[in-house]
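In what follows, a single structure is set out as structure tokens and then discussed.
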Amino acid sequence: MAPHDSKALKSLGSLLYRLGQYAEAEDYLQKARSIDPESWSITFDLALTKYAVGNLSASEALFSEAIARAPDDATRKLLSALMAYPVLASGDYRREKPSFS
């Protein structure tokens, strides 16, 4: 219907995610991201979908990108908290804190 509209593709991908159709959601969200790679919300939805299909490393990387592009501190804090799911699921319980020295 709108193969070059990132918002339409994101909406369809998000809907498929909520319906548990993760592989299909992933396809639409990848297409949306290829059109609008700077969108934090598309990147976030794709991170959730990658987590749902078990691709933990991709999910974590996408969460990092979404956090970097988030519009405000409140959104960054929420995304950071949600990023804990793929980090913990990967068994990385003892990750060292980043050094700022």
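Derivation of every value follows stated rules applied to the coordinates shown; laboratory data play no part. If you're wondering where the values come from, they're calculated on a predicted model, not measured in any experiment. Cβ placement follows ideal geometry from the backbone for every residue including glycine, while neighbour counts extend to all protein chains displayed.
Things worth noting here:
- Note on segment 6-89: Kirkwood hydrodynamic radius from all Cα pairs is 12.3 Å, rounded to one decimal.
- Relative contact order %, segment 6-89, counting alpha carbon pairs below 8 Å whose residues are six or more apart: 23
- Computed magnitude of the charge dipole of segment 6-89 (debye, nearest 20; Cβ of K, R +1, Cβ of D, E -1): 100
- Where GluC sites (Glu not before Pro) in DSSP loops with at most 16 other Cβ within 10 Å are excluded, longest remaining stretch of the chain: 39-95
- Take the chain and mark each of the chymotrypsin sites (Phe, Trp or Tyr not before Pro) that is in a DSSP loop with at most 11 other Cβ atoms within 10 Å; the longest unmarked stretch, sites excluded, is 1-92.
- In terms of other Cβ atoms within 10 Å, I35, I42, I67 run from fewest to most in the order I35, I67, I42.
- Stretch gain in nm, segment A84-L15, where the contour uses 0.36 nm per residue and the Cα spacing is subtracted: 22.5 nm
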